[in-house]
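Here the structure is laid out as structure tokens; the discussion comes afterwards.
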Amino acid sequence: MEITAAQKLRGEVIIPGDKSISHRAVMLGSIAKGTTEITNFLQGADCLATIQCFKNLGIDINHTPARILIRGKGLHGLKKPADTLNTGNSGTTTRLISGILAGQSFSTILSGDESLNSRPMARIIEPLNSMGAHISSINRNGCAPLQIEPGNLHSIHHKSNVASAQVKSAVLLAGLYADDVTSVTEPVLSRNHTELMLNCFGARVSARREKDGQATASVLPCEELYGQKIIVPGDISSAAYFIAAGLLVPESELLIRNVGINPTRAGILTICEQMGADITYLNKTSAGGEPTADILVKHSSLKAAVIEGSIIPTLIDEIPIIAVMAAFAEGTTIIRDAAELKVKETNRIDTITENLKAMGGDITPTRDGMIIQGAGVLKGTHINSHQDHRIAMAFAIAGLVADRNTIIEESRCVDVSYPGFFETLNTLKY
Ligand code: S3P
């Protein structure tokens, strides 16, 4: 995909559904009793992989562009799939479904694409096996493909050394099938969509924060979940590209509609404010415990920020686009405590550094983040997305303010989380 510089951006963007929430709605709908209706579901490749997995597990899922209808079969209604479940590029599908499959009476194999099959799974295998699950890495390398054999689950208290919603969710979902209260303590609170949605479906989940910032979520074993109507808010991780575009491109004014602003996801907004962004929130509302707003963004002169500590899990997926903003911010932006970047769809410390350097940016990678000097200019070049959707979209935005055309290689990977991204971007350009 070739990106040309924009003179200004004007107009409205309706943000597609949240990826994390879309996955969870399909999963809980499938193991609930009765019908679940999901609107504004993200039709991205990752969430479609989740749908296909549950279809292969015997769930009747009717899928139209307007809505997803799931005829849930209850906590024990899944059927042994005929074949390996293909989780594609999706870490969320793989890790969360493992928590559910650990509690079934049949065996399954999970496998994904090359990137997925190189991401760490020991972080879920270990706590789930300590609950009595029988999960193994088929190649004995701590990664998928995973073999999941039936097991009788009992409750645990898991102390996670990473703030990962995928780990927390896998353990909480397995906890539905356990014999007593299952809890997970993480060093810093990660996104809490599983806790919120489990409560909507009738499970009993509680959450508490300790004084030192640690967070604990607990779930009681459950007889039954009940089908719900879920309206998925727009994905702030997708909105982030347009927020950055509106801030960076001169004379821009963008209205970004229906953005989920759950505080466990909204770190990018806090950082934008610290960087001096002109952002206004309109039409604030909330459904199923998930707050949303329309966001009005105007071109702004940005200043550098230090991004570290407990805010990191709330913006971990937005660091590629924050790095692009930092290249245009006055001063030195420091990002630390973000070693989790190394185990995303690509090692994002490496892929951000490679591409920002290729555009002439001043970036130094560190052990757990990066340091970026805001030089205020980037030059267009070939961007190697390494098939990472967030790298492709972040550098497409950089291309809007670069001084020559930018070519994003393997740009179709944006379909993982934002089909139609480039088309939407084109409607805003002047
Ligand atoms: C997600 C959690 C985060 C995030 C990912 C989606 C989720 O991953 O990066 O894109 O839906 O739970 P980790 O749990 O590995 O931090």
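The values are calculated or read from the model by the stated rules, or taken from the named source; none is laboratory data. Because the structure is predicted, anything quoted here is derived from the model rather than measured. So basically every Cβ, Gly included, is an ideal-geometry build from the backbone, and we count neighbours across all protein chains shown. These area figures cover heavy atoms from the full protein model, side chains too; ligands, DNA and RNA do not enter into them. Shrake-Rupley method; radii C 1.70, N 1.55, O 1.52, S 1.80 Å.
Brief remarks on what is shown
- Checked against the criterion of being more than 22 Å from the chain's Cα centre (by Cα) and open to solvent by 10 Å² or more (accessible area, probe 1.4 Å), region 43-52 contains not a single residue that satisfies it.
- Hey, Gly29 more than 17 Å from the chain's Cα centre (by Cα) and under 26 Å from Glu253 (Cα atoms) or not: no
- Restricting region 376-414 to residues that are in a loop (DSSP other than H, G, I, E, B) and open to solvent by less than 50 Å² (accessible area, probe 1.4 Å) leaves a set whose member that is nearest to Leu356 (Cα to Cα) is Leu378.
- Lone unmet requirement of (1) over 23 Å from Glu340 (Cβ atoms); (2) in a loop (DSSP other than H, G, I, E, B); (3) open to solvent by 10 Å² or more (accessible area, probe 1.4 Å) for Ile230: (2)
- Looking across region 163-208, not a single residue is under 15 Å from the mean Cα position of the chain (by Cα) and away from the ligand (no atom under 12 Å from the Cβ).
- When Met121, Met131 are screened for being aliphatic (A, V, I, L, M), surrounded by 21 or more Cβ atoms within 10 Å (Cβ to Cβ) and within 16 Å of the ligand (Cβ to nearest atom), only Met121 passes.
- Whichever residue in region 350-395 is more than 22 Å from Tyr418 (Cα to Cα) and β-branched (Val, Ile, Thr) and, among such residues, is nearest to the chain's Cα centre (by Cα): Thr353
- Lone unmet requirement of (1) in a loop (DSSP other than H, G, I, E, B); (2) of a type outside the set (A, V, I, L, M); (3) surrounded by 24 or more Cβ atoms within 10 Å (Cβ to Cβ) for Asp212: (3)
- Of all residues in region 366-375, those satisfying the criterion of being of a type in the set (A, V, I, L, M) and either open to solvent by less than 40 Å² (accessible area, probe 1.4 Å) or touching a residue at least 60 places away in the same chain (Cβ under 8 Å) (or both) are Met370, Ile372.
- Residue list for region 313-341, filter: more than 14 Å from Thr364 (Cβ to Cβ) and open to solvent by 10 Å² or more (accessible area, probe 1.4 Å): Pro313, Thr314, Ile316, Asp317, Phe328, Glu330, Gly331, Asp337, Ala339, Glu340
- Among all residues of region 278-286, there is none that is under 21 Å from Met393 (Cβ atoms), among the aromatic types (Phe, Trp, Tyr) and in the same structural domain as Leu356 (by TED's automatic domain parsing).
- For region 304-345, filtered to residues that are of a type in the set (S, T, N, Q) and part of a helix (DSSP H, G or I), the residue that is farthest from the ligand (Cβ to nearest atom) is Ser310.
- Scope region 134-162; condition touching a residue at least 60 places away in the same chain (Cβ under 8 Å), over 24 Å from Leu225 (Cβ atoms) and away from the ligand (no atom under 16 Å from the Cβ); matching residues: Pro145
- In region 46-86, the residues that are among the small types (Gly, Ala, Ser) and not in a loop (DSSP other than H, G, I, E, B): Ala49, Gly72
- Taking the numbered list (1) open to solvent by less than 60 Å² (accessible area, probe 1.4 Å); (2) at positive phi in turn, Ala144 passes all entries but (2).
- Residue, surrounded by the fewest Cβ atoms within 10 Å (Cβ to Cβ), within region 284-300, restricted to residues that are in contact with a helix residue (DSSP H, G or I) (Cβ under 9 Å, 6 or more places away or on another chain) and modelled with pLDDT of 95 or more: Lys298
- Count - residues of region 342-365 that are among the hydrophobic types (A, V, I, L, M, F, W, C), open to solvent by 20 Å² or more (accessible area, probe 1.4 Å) and under 19 Å from Thr314 (Cα atoms): 1
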